[in-house]
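The values are calculated or read from the model by the stated rules, or taken from the named source; none is laboratory data. Bear in mind the structure is a predicted one, so any value in this text is a computation, not a measurement. Ideal geometry is used to build each Cβ from the backbone, glycine not excepted, and the neighbour counts take in all protein chains shown. When the accessible area is computed, the model is the full protein with side chains, heavy atoms only, and any ligands, DNA or RNA have been set aside. Shrake-Rupley method; radii C 1.70, N 1.55, O 1.52, S 1.80 Å.
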Amino acid sequence: MFISWRMFAMNHQRIFSVHINTMCYCKIKAILKRSKTRVPLRRNYGSLPGVVGNDVKSLYSIISPPVAKIRNIGIMAHIDAGKTTTTERILYYSGYTRSLGDVDDGDTVTDFMAQERERGITIQSAAVTFDWKGYRVNLIDTPGHVDFTLEVERCLRVLDGAVAVFDASAGVEAQTLTVWKQADKHKIPRICFLNKMDKTGASFNYAVESIREKLKAKPLLLQLPIGEAKTFKGVVDVVNKEKLVWNPNSGDGKDFERKPLLETSDPGLLKEAIEARNSLIEQVADLDDEFADLVLGEFSENFDLVPAEKLQTAIHRVTVARAAVPVLCGSALKNKGVQPLLDAITKYLPSPEEREYGFLQWYKGDLCALAFKVLHDKQRGPLVFLRIYSGTLTPQLAIHNINRNCTERMSRLLLPFADQHVEIPSLTAGNIALTVGLKQTATGDTIVSSKSSALAAARRAGRGEKKPGKNGEAESLLLAGVEIPDPVFFCTIEPPSMAKQPDLDHALERLQREDPSLKVRLDPDSGQTVLCGMGELHIEIIHDRIKREYGLETYLGPLQVAYRETILNSVRATDTLDRTLGDKRHFVRAELEAGPVGASSGMAVVEYADCVSEDLVQASREAVESAVHSACLQGPLLGFPVQDVAVTLHSLTIHPGTSPTMLNACISRCVQKALKKADKQLLEPLMSLEVTVTGDYISPVLADLAQRRGNIQEIQTRQDNKVVIGFVPLAEMMGYSTVLRTLTSGSATFALEFSTYQAMSPQDQSNLLSQRGGLIQVL
């Protein structure tokens, strides 16, 4: 009996203890949950985003800042100008990393791909979010290599401002021109940062003059360098007449002094600063009427009395209006000049509400966003970057994709920090968000809260009635996506075995969704998968990613150039299709003429002769144009697409009840007949080339380009270097980087960019046809 009671007491005590422990655990858990410090996830390079020393700087503190305090900016430049290094310093000084990364060491925040760290270049644009003096900054570091121009294009589409980084020893370079034109296209205000002021050969005046001459921009000098090259130690703040000098013993560049310029201590610098400030005031007054009235009214006698705040406000207005570009200088690698650059970003670049977006008035505060980038995460699935133009995003929100005409549910909402992300409860207009759960959305898609919201906005815009047909009203509200350039290189890709073909198809499908400039085609003759890309490096990176990320040892065929075909004379052709299927007769008779177009038109132009009735044209237009374009996908010479061709329909007879498919087949066959009868011409991609080389090696470089059928336009002098500018066929540039390194002992650099398609000479065309041996290559 005693033993039973003892066992009962022990069991009861155990139950009571478990109950107490459970209660304590629940209370402790609740307390911890309430007092939990939110620290972002640990990065693989050993830093915590937001940790500086023992202080935690959390992204949660700036989840919903006022729109006026938001800056969406991009860093853009020629390759190796210092974009990623500048971004790394910005993150360090703003308090979101605790150590300075280095591109050469492969430990930077934004270059997190293995391929980026190995090569020391940026391949994918990376987004990071941080705050600086009360401002929320969404920053995107973009690639500088021409093969990844699309990355820059789709990022600029959603940004409000940009920082153009220049190598102070080189000034404006080839890719600088390209990204500057892209920024002009999207009407983006920008500021210039002359980096590498410590580099041998750095020249502030030369770099500023190249901006003025080559970019046709009006530079506003907000800073002057104190020394150049090895003597560079700080900058002069022209607006405030102060000097900023960095402590040479400071390892991380945080220790610098800001002192007013005085006649007693710095007479030379003060004189330069006063002259530069007066010139700056005159420039701004010429561009801004409000500031001109202020200066002429109150300060016409003495420009020194113009308040710095008034001048900064006027510079902000001029920058937002894209009338001029502020210019700053420094050395990101030597940790000098980055903090003033951050101040300039917040002072002079616009907030989202200062950019004009006409479509926002139609939504009346409803959600409107643009998907501009897609990544695939092994755990989370597709991650879609969205720029929110109006409304609010929250997790578990059902959204409507106008482009795909589908509704999806977003499971989670994140703030981007390169390859690490912080989960948040909501995000408002003007921000850049990262979403999880959108499986159909792709680059360039317009996102709204619901289909009814899109239709209501279309009706407000007064355009609903003008777009008859399915989804007409929704189509009128599509935000402009990005223009995807045509690929210039292609090669076959094969899996290690046929059993791995589905895995390869899955990998390529994901990579295409991430990178719209990558095209994948199936060769109908050989059944091989054909990979089409923007250059040798682009194809190489894709091949490497398939191996590393998807574990597939694929085999690439030799790289080939994407030629085009055209015709040289006008030819008429007639075709008849008469077929009976079941008890239904399908009859089509067509007569058309194919001829060359004077100007480069790309796709075939379809025209209709006056003798063809208007009713017949309206009824058959879609089928006819579809047939012409499909017939031009494979040319008669080597099976490359046909361009710069006009097809005129002279006669068309259709039996009642004939299906559009039969009409399409007849027209397509007739176009192919005409193309085969005409005199044919191959077109090859022509690249613009810029080679920077020292004077000692200019002769062998020019001789080599002459052998490659190069056409030299001019040879410029850039400091101690020569810059060779010209055009060269892409087919002649295979492996050029290795040859150039050999010719110049590794001292030369080059930039290559697609220019246009040009006709091949008869001899070169004959040689190419004989090399192919009649084997048709199909894109």
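Observations, loosely collected:
- Of all aspartates and glutamates in the structure, the ones whose alpha carbon falls short of 14 Å from that of K241, not counting any fewer than 8 places away in one chain, are E257, E263, D266, E272, E275, D304, E309.
- Taking a straight line from the alpha carbon of K69, these lysines sit under 16 Å away, with near neighbours fewer than eight places off in the same chain left out: K133, K347.
- 9 Å beta-carbon shell around I315, net charge (K/R +1, D/E -1): +1
- Anisotropy class of segment 199-293 from Cα gyration tensor, a/c 1.5 cut: oblate
- Solvent-accessible surface ranking, highest first, for D764, D486 at 1.4 angstrom: D486, D764
- Ordered by solvent-accessible area of protein heavy atoms (1.4 Å probe), largest first, the residues E509, E494 come out as E509, E494.
- T756 accessible area, assembled protein chains, probe 1.4 Å, Å²: 60
- Span per principal axis, largest first, for the Cα atoms of segment 565-695 (Å): 79, 31, 23
- Coupling constants for segment 332-349 follow from the phi torsions by the Karplus curve (6.51 cos²θ - 1.76 cosθ + 1.60, θ = phi - 60°), and in residue order they are 5, 5, 8, 6, 10, x, 7, 4, x, 5, 4, 4, 5, 4, 6, 7, 10, 7 Hz; glycine and proline get x.
- With each label modelled as a point 7 angstrom along the Cα→C-beta vector, the T738-E714 pair spans 3.5 nm.
- Phi to ³J(HN,Hα) by Karplus 6.51 cos²θ - 1.76 cosθ + 1.60 over segment 302-317, Hz, x for Gly, Pro: 8, 5, 4, 7, 5, x, 4, 5, 5, 5, 5, 5, 5, 4, 4, 4
- In this structure the amide hydrogen of E242, modeled in the peptide plane, comes within under 5 Å of the amide hydrogens of D237, L261, none closer than 5 places in sequence on its chain.
- Cα gyration tensor shape for segment 265-397, rounded if a/c is under 1.5, else prolate or oblate: oblate
- Three-way shape label, segment 664-767, alpha-carbon gyration tensor, a/c 1.5: prolate
- Candidate lysines - alpha carbon under 17 Å from K181, same-chain residues fewer than 8 apart omitted: K214, K216, K218
- Under-5 Å amide H pairs with R190, H placed in peptide plane, nonlocal only: A162
- Residue-by-residue Karplus 3J(HN,Hα) for segment 556-570, coefficients 6.51, -1.76, 1.60, Hz, glycine and proline x: 9, x, x, 5, 10, 8, 8, 7, 10, 10, 8, 10, 9, 9, 8
- Distance from segment 273-316 to segment 359-423 (C-alpha centre basis), Å: 43
- R0 of 45 Å, Cβ-Cβ distance S265-Y357: FRET efficiency to nearest 0.05: 0.35
- With the whole protein complex present, Y555 retains an accessible surface near 130 Å², based on a 1.4 Å probe.
- Heavy-atom SASA rank of L269, L220 (probe 1.4 Å, accessible area, largest first): L269, L220
- Two-decimal ratio, segment 124-259, of alpha-carbon radius of gyration to 2.2 N^0.38 Å: 1.14
- Applying a threshold of 20 Å to the alpha-carbon distances of K185/K439; K373/K547; K519/K673; K233/K334 flags K185/K439; K373/K547; K519/K673 as lying beyond it.
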